[in-house]
Amino acid sequence: GGRMRAVVEAVLSSNRLKLTIPAQSTVLAFSLNGVRAPAPARRGGGGDAPRDAEPYGDEALLSVRHRVLQREVDVEVVTCDKSGAFLGSMYIGNDPSRMEDLSVMLVRDGLARVMRRDAPPELKAAESAAKSSKLRIWESYVEPTEEELAAAAAGGGSQNGAGNSAGGAGARPDTRETFDAMVTEIEERGAFWAQRASNQATIERIQGALKEAGASAAPPASRFAVGTMVMCQFSSDKQWYRASVESAAKDGSSYDVFYVDFGNCESVTADRMRPLTPDLLSTPPLAQHFQLAYVRVPSYNADGGSEAVELLGEVLFQGMCSFRVEETEKGEGKGPRLSATIHKVTVYPKSDAGEASSSSSSSSSAPVSAQAALLQAGLALLHPRGSRPGPHRDEAVRSLKGHEDEARKAHRGIFRYGDPGSDDEL
């Protein structure tokens with residue numbers, strides 16, 4: 001907690017920076033929390049496809065570099081994602097009593113948009129001012145009329161989320177499962193893994209037992225077979241976690257494993273593996289597989305795919321999220337990863353007060369659901385045909401369509417060259 005002094009070593013994008021913390025002799029990745037600037041151009045190489053800049057993306061990148069590169073700043077960390085990147089606020093200026101929030105500066109200049117409804121008042125005020133002045137990314141912004149707001153409310157909630165079931169005396173009760181969960185791993189195409197909040201005590205118990213077992217267990221005397229549950233020492237933090245063996249080198253020197261309580265994969269050497277004790281085998285895997293309902297997200301190497309993964313990280317790695325299951329389908333394959341049930345869900349980041357943002361609340365320009373965030377950024381297409389027909393699906397598509405239309409009109413993301421066509425082509 002509290003602010004730390006840091007030096008900005010590199011500006012990787014308008015939202016993501018590489019910092020050194022001199023007091024701790026630490027280098028870390030840092031992302032601005034709760035805002036998103038347009039993506040700059042990318043030349044390609046290193047496995048990444050080249051891309052043109054989103055409108056004002058290069059200007060946003062230059063603005064951040066001009067303000068902070070190779071300079072001392074203050075940072076305040078809010079949370080950390082599973083990849084080790086820290087999320088928070090960055091403050092700049094020579095006078096400690098008059099330092100400015102970099103996120104507010106970008107939003108005020110029309111070079112970033114607010115991504116959370118529970119954002120601080122100064123961020124909301126900065127975005128409102130930029131919209132009123134039609135600055136940069138808001139140059140084509142048109143304030144919705146009272147009639148449009150009323151129509152959106154009558155059509156199944158605001159345009160910000162997937163909506164709740166309409167009320168009324170004859171309304172059927174909503175039986176969809178809802179729960180809180182912590183996202184631990186994000187994949188391509190809008191898929192990710194998460195731990196239910198109700199399992200947090202079990203996870204803490206297992207991690208405590210693994211820490212003790214890992215410190216005393218002897219290295220394996222024989223090879224591990226594919227499908228065996230083991231405990232592995234994760235490369236980033238050197239802690240022990242439960243894992244399933246997915247493949248093995250012919251000589252048994254290394255293995256590909258899946259961490260069953262977190263959803264990520266890694267290649268490990270045999271000396272970082274131990275047999276799992278019987279008491280740790282009895283608890284089923286605690287990471288569950290999810291995919292965003294009603295939208296189709298590009299694959300990682302397709303246009304907009306890597307940006308979609310990055311944006312989902314900004315939206316979902318904020319702490320606990322609220323989940324609503326729209327439908328489920330059985331995984332196809334063997335082992336804990338490929339056979340896991342896929343829950344198609346609507347996800348809402350929770351506010352600092354611990355309450356999920358509700359689509360039935362007052363209209364706001366900041367997206368509520370993860371689906372809305374991707375659609376508004378032009379990094380997904382509505383995909384109603386991928387879900388079962390019914391009133392919930394129809395209501396969700398109605399409430400989300402405004403975000404897709406806005407991105408298409410502004411030529412954001414996958415719409416930068418026009419309409420990409422069918423969602424089956426992503």
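Applying the criterion of being in contact (Cβ under 8 Å) with a residue 12 or more places away in the chain and in a helix (DSSP H, G or I) to the residues of the stretch 112-123, the residue that is nearest to Gly57 (Cα to Cα) is Leu123.
Filtering the stretch 31-49 to residues that are of a type in the set (Gly, Ala, Ser) and either loosely packed, with under 13 Cβ neighbours inside 10 Å or modelled with pLDDT under 85 (or both) leaves Gly34, Ala39, Ala41, Gly44, Gly45, Gly46, Gly47, Ala49.
Note on the stretch 13-27: among residues that are of a type outside the set (S, T, N, Q) and more than 20 Å from Pro55 (Cβ to Cβ), the one that is surrounded by the fewest Cβ atoms within 10 Å (Cβ to Cβ) is Ala23. Among the residues of the stretch 300-313, those identified as assigned to a loop (DSSP other than H, G, I, E, B) and within 15 Å of the chain's Cα centre (by Cα) are Tyr300, Gly304. Answer yes if at least one residue in the stretch 333-341 is surrounded by fewer than 17 Cβ atoms within 10 Å (Cβ to Cβ) and at pLDDT 80 or above, and no otherwise. Yes - at least one qualifying residue is present in the stretch 333-341.
Among the residues of the stretch 271-287, those identified as surrounded by fewer than 19 Cβ atoms within 10 Å (Cβ to Cβ) and either assigned to a helix (DSSP H, G or I) or within 29 Å of the chain's Cα centre (by Cα) (or both) are Asp271, Pro278, Asp279, Leu280, Leu281, Thr283, Pro284.
Please go through the stretch 62-73 and pick out each residue that is in a loop (DSSP other than H, G, I, E, B) and not polar (S, T, N, Q). Passing the criteria: Leu69, Arg71. For the stretch 94-108, a residue qualifies if it is at pLDDT 90 or above and not in a helix (DSSP H, G or I), and the qualifying residues are Met99, Glu100, Asp101. Can you pull out the residues in the stretch 242-255 that are without any contact (Cβ under 8 Å) to a residue 40 or more places away in the chain and either surrounded by 16 or more Cβ atoms within 10 Å (Cβ to Cβ) or within 25 Å of the chain's Cα centre (by Cα) (or both)? Of everything in the stretch 242-255, those that are without any contact (Cβ under 8 Å) to a residue 40 or more places away in the chain and either surrounded by 16 or more Cβ atoms within 10 Å (Cβ to Cβ) or within 25 Å of the chain's Cα centre (by Cα) (or both) turn out to be Ala243, Val245, Ala248, Ser254, Tyr255. Here the condition is being surrounded by 14 or more Cβ atoms within 10 Å (Cβ to Cβ), in a helix (DSSP H, G or I), modelled with pLDDT of 85 or more and not assigned by TED's automatic domain parsing to the domain that holds Ala410; of Glu59, Glu76, it holds for Glu59 alone. The requirement of being modelled with pLDDT under 90, outside the structural domain of Asp52 (by TED's automatic domain parsing) and outside any helix (DSSP H, G or I) is not satisfied by Gly263.
Scanning the stretch 194-241 for residues that are at pLDDT below 90 and surrounded by 14 or more Cβ atoms within 10 Å (Cβ to Cβ), we see that the one that is nearest to Ser339 (Cα to Cα) is Arg223.
Is there a residue being surrounded by fewer than 16 Cβ atoms within 10 Å (Cβ to Cβ), of a type in the set (Ser, Thr, Tyr) and modelled with pLDDT under 90 anywhere in the stretch 414-424? Within the stretch 414-424, one or more residues are surrounded by fewer than 16 Cβ atoms within 10 Å (Cβ to Cβ), of a type in the set (Ser, Thr, Tyr) and modelled with pLDDT under 90.
The values are calculated or read from the model by the stated rules, or taken from the named source; none is laboratory data. In this text, all values refer to a predicted model and were calculated from it rather than measured experimentally. Cβ sites come from the backbone with ideal geometry, for glycine too, and all protein chains shown count toward neighbours.
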